[in-house]
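See structure below.
Nothing in this text is a laboratory measurement; each read-out follows from the coordinates by a stated rule. No experiment lies behind these values; they were computed from the predicted model shown. In this analysis, Cβ positions are derived from the backbone assuming ideal geometry, glycine residues included, and neighbour counts consider all displayed protein chains.
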Amino acid sequence: MVRSPTRVPETDEEFVAPDDRLIGRVFRWSLILLVAVAAVVAAMVYLLSRQPERAPVREDSFLPPSKQYAVAAPPDVRFTDVTAAAGLTFRHDNGARGEKLLPETMGPGCAFFDYDNDGDPDILLVNGRSWSPGEERASTLALYANDEALELYARVLRTRPPPALAVSALCGRGTLLGVRGQLAEAATELERAIALCQQLGDDVALADALSRAAYVAYVSGDGPGILSRAEAAMRAAERTGQVRPRIAALRQLGIAHEFAGRFQAAEAAYRALLALDPAHGDEASAGALNSLGEIARARGQFAEATFLYRQAGVVAEALGLLRTTLVARANLGAALAESGEPTEALTVLDDAAREMARRGYHAFHAENRYYHALASLALGDTEGACRDAEEARRAAEKNGEAEMLGLCLRLEARLCEAGARAGDAERCLAESIETFARIGKPGEEARSRAALAEWLWRHGRVDPARAEAARARPVLIAMGRTDLAGALDAIG
């Protein structure tokens, strides 16, 4: 007999009465607590967001007066369109043919840069193109080289431009001719500009033209011309009441006094210039520092001169003034040549000469070759010194640089006496003295007289030697060149 398995009674454990009561109680208390927290939060939000009651504003309360601003008149700036006169015929093609394509919105491009490294800014204009399929109309870039700036100025003048534009073209042309060493032509163009400025009664333009003319007179060795134009520029600049014309005029006034050996007056002009431009943001400041170096070198203070030339070069380079930078570098080489450092002098002078030749700055070539000859002579290279001296004299004669011609004559006398070349040393020194006397440069005249006195003394001509020494000594002492004056004491 088979027994059936015992059956266990089923129980539903999910629905136990004691558990349901506990869950219900926890739920109720949780709900009460949640409501209480919400009430506290709401109360805090309300209290924090309440705005404090503001006192009513009285209608008669004080109101500060409104500020009154002075209305400044706009500056008088004149622009003249010289596009056609300058020969710029560029036309931009954006490819617009009515299809309204996205590339048509791209504008042209323009860059001012010196692509051939000649010191003049050239213009590159970037064109567009046609975007229509099958259209073959070509458009190209346009590069306008500034190599023919003189012709561009002449072209502007041939169009009979307005007087103000004619003054600008004449000043630009005269300055460029001066840089290229064509001094007579430069002076002519600047005198035309001066006359036109006087007719217009434009003192700003007049001061600028007179300052440029003074500089050309300086390069030409025209001492009285420098001073007369510089003083006239200063008068015109004072009438303008503007700083920039005064800075330019002070620069030329300093050069005029420096040329004539009036070093105190020159220093005063340069210091006044630097006071007007304490941050050295004007190109004339670099020139003033360079000229203060020239004064220090003329006094035989070569360490100070070297420092000032280097400072002038730093300022000029920071301002992007390539020509002034090269001039300061060449003058640094000259100071090194005169201060007994011929090897370094040759390096500096060669570097400056290469850059000047590459950029067409011919006005300073004679001076560079002159000091190169002095450095070569100090190193015993008489053959090289002779070549440099001849090249310096040719350049001085070609450009009409009277001061450099006087220096070259004095150098030739040294070379003749050293036996490096044939010639009459006494005649060279006499011509050098005559040249410096004619152009009004007493400091260099005194140095040539001292050289002649020493030559006469060595050749037994005592009385003429003493006469020349007596004339040279007081000028040298006034210049601060006690070393040169002391060398004449043996002559009596």
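The figures follow:
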{"quantity": "Neighbour-count ranking [beta-carbon atoms within 10 angstrom, fewest first] of MET479, MET106", "calculated": "MET106, MET479"}
{"quantity": "Ranked list, fewest to most other Cβ atoms within 10 Å of each Cβ, for CYS408, CYS171, CYS386, CYS110", "calculated": "CYS110, CYS386, CYS171, CYS408"}
{"quantity": "Karplus-derived 3J(HN,Hα), 6.51/-1.76/1.60, for each residue of the range 462-467, Hz, glycine and proline x", "calculated": "5, 5, x, 5, 5, 5"}
{"quantity": "Spacing of the two label points (7 Å from each Cα toward its C-beta) at GLU191 and THR83, in nm", "calculated": "3.8 nm"}
{"quantity": "From phi via Karplus (6.51, -1.76, 1.60), per-residue ³J(HN,Hα) for the range 177-182 in Hz, x at Gly/Pro", "calculated": "4, x, 4, 7, x, 8"}
{"quantity": "Under the Karplus curve 6.51 cos²θ - 1.76 cosθ + 1.60, θ = phi - 60°, whole-Hz ³J(HN,Hα) for the range 368-382, x wherever Gly or Pro sits", "calculated": "4, 5, 4, 6, 5, 5, 4, 5, 5, 5, 5, 8, x, 8, 5"}
{"quantity": "Burial ranking of peptide ranges 238-248, 396-406 (average Cβ count within 10 Å, highest at the top)", "calculated": "396-406, 238-248"}
{"quantity": "Under-5 Å amide H pairs with GLY128, H placed in peptide plane, nonlocal only", "calculated": "ASP93"}
{"quantity": "Sorted by Cβ neighbour density within 10 Å, fewest at the top, the residues ASP424, ASP282, ASP388", "calculated": "ASP424, ASP282, ASP388"}
{"quantity": "Unit charges on C-beta of K, R, D, E only; dipole of the range 164-276, Debye", "calculated": "180 debye"}
